[in-house]
Amino acid sequence: MVLLKFWIVGVLLLVSCARLPVKTADKAMRKSQHPPALLFLSDDLGLDQLKQALRRHIDFFKKNLRTQPLQKEEAFLQFGPKKISKSFYFKKLEELYQSLLQSSDAFYQKLQSDFEVYEVYGGDHWGEVLVTSYYEPVLEVSEHRTDRFFQPIYRTPDDLVSIDLGEFAARFPLLDSIKERVIEQKSRERILRGRLIISEKKVVPYFERAEIDSLFPPIPSRYILAWADPIEAFFLQIQGSGVLKFPSGKKIRVGYDAQNGYPYYPIGRALKDVIPLEEMSLQKIERHLRSLPYEQMQAILNQNKSYVFFKKLKGKALTFSGAPIEDGRSIASDYQFFPKGALGFLIFQKPIFSREKGEENDLPDGWETVGRFVFDHDTGGAIRGTGHVDLYWGEGKKAKQVAGVMKKKGFLYYLVPRSDESDENDPSMTKKVVF
């Protein structure tokens with residue numbers, strides 16, 4: 001009986017010590033009392049590469065500040081309890097960039113004197129996050145259906161419409177109590193996707209994956225951009241952008257345009273009995289899918305009801321923030337907690353592959369702990385909460401090899417200007433700063 005009491009007390013202590021997830025951005029990070037030494041010592045991609053990326057980053061957001069009107073809540077970046085006007089933030093990033101042009105010593109001195117280090121709330125511990133990775137695949141495709149390429153890649157159908165619950169809730173307060181909602185990947189509001197039936201003057205839920213990819217697809221062929229391998233087309237939807245390579249040699253880049261309104265479901269959950277969780281990787285999932293008869297393979301894919309539609313892109317893929325994606329430096333995080341456009345520092349374990357084993361190998365020879373500056377540009381359907389960040393690795397097979405196996409704990413920090421002068425926190429100042 002005494003032992004039972006001790007056991008119960010122990011369980012209660014464990015439960016009481018478990019961290020509850022934060023619900024608001026003001027609790028999502030805090031000033032770090034012990035910033036990592038690696039932040040002021042190293043960037044594994046090199047400061048020359050950072051110099052170019054930082055210039056593009058500042059130029060994009062600087063242009064946005066000058067050309068796009070901002071709502072009051074959009075004029076600030078929020079770092080936990082601290083809010084900083086975007087104009088002041090990018091002014092300080094410009095000063096940091098100028099110091100980088102001088103020397104690495106000047107850069108690190110500026111970083112220490114003008115910026116504070118904030119750590120994220122994380123998952124199990126402050127600062128600690130699960131670091132995964134995404135990439136941009138290059139797919140061989142066809143303009144016509146073939147035995148190999150029989151999966152359509154669709155552009156957005158005209159009958160797909162969006163319903164912004166935020167706009168409705170503004171007029172009908174009772175709607176604000178809706179708890180079950182689909183968060184559209186590219187929106188800051190509560191978005192439902194539906195299918196407009198003009199003849200009946202109503203909107204109904206859009207088709208799910210099993211219906212769209214059925215033997216009698218409901219989407220007309222005029223919306224097909226290309227035909228692809230079904231598994232590669234599925235992973236293209238997960239990554240959100242890619243390059244389509246036709247037999248003629250023509251290439252087109254496509255990017256996320258819309259989604260059918262169903263929440264994302266990671267099919268790895270359906271394969272837990274086949275692939276041990278600690279061994280789960282994109283490569284192992286793909287190999288297992290290819291070992292199955294088509295009907296079984298499609299049944300697994302259909303468990304993810306979410307379906308992505310694409311548009312042609314003229315340049316590099318664009319992120320949630322609108323900024324062009326940066327190889328190795330763009331990260332995706334939950335926009336409800338972390339500010340888009342912010343400069344961060346990520347410490348993570350990078351897989352090391354030997355060239356001799358080729359790009360299809362999914363068993364790293366080892367892991368190296370590295371740190372690098374990153375830009376919070378993006379978000380994603382699977383990136384929810386404060387304990388997960390997705391690092392964009394790049395384009396092609398090598399990027400796929402690395403991104404496919406990254407699933408280890410790391411640490412995420414944000415660089416926050418020290419000054420909090422009142423005039424800098426005035427939204428009316430947004431248009432007055434001269435860069």
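The values are calculated or read from the model by the stated rules, or taken from the named source; none is laboratory data. Because the structure is a prediction, the values reported are computed rather than measured. All Cβ positions, even for glycine, are placed from backbone atoms using ideal geometry, and neighbour counts span all protein chains on display.
Looking only at region 383-435, residues that are at pLDDT 55 or above, assigned to a helix (DSSP H, G or I) and over 17 Å from the mean Cα position of the chain (by Cα) come to 3 in all.
For region 252-261, the condition holds for no residue, the condition being that it is free of Cβ contacts under 8 Å to residues at least 40 places away in the same chain and not in a strand (DSSP E or B).
Of all residues in region 27-63, those satisfying the criterion of being more than 26 Å from Lys350 (Cβ to Cβ), part of a helix (DSSP H, G or I) and out of contact with any Phe, Trp or Tyr (no Cβ under 9 Å at 6 or more places or on another chain) are Asp59, Phe60, Lys63.
Checking the condition among the small types (Gly, Ala, Ser), in contact with a Phe, Trp or Tyr (Cβ under 6 Å, 6 or more places away or on another chain) and either touching a residue at least 12 places away in the same chain (Cβ under 8 Å) or not in a helix (DSSP H, G or I) (or both), which residue from Ser133, Ser162 passes?
On the way: Ser162 fails: in contact with a Phe, Trp or Tyr (Cβ under 6 Å, 6 or more places away or on another chain).
Residue meeting the stated conditions: Ser133.
Here Ile252 passes the criteria (1) more than 25 Å from the chain's Cα centre (by Cα); (2) surrounded by fewer than 17 Cβ atoms within 10 Å (Cβ to Cβ); (3) not small (Gly, Ala, Ser) except the one numbered (1). Restricting Gln78, Gln109 to those that are at pLDDT 95 or above and not in a strand (DSSP E or B) reduces the list to Gln109.
Here are Phe150, Phe234: which of them is at pLDDT 95 or above, surrounded by fewer than 17 Cβ atoms within 10 Å (Cβ to Cβ) and of a type in the set (Phe, Trp, Tyr)?
Working: Phe234 fails: surrounded by fewer than 17 Cβ atoms within 10 Å (Cβ to Cβ).
Only one candidate qualifies: Phe150.
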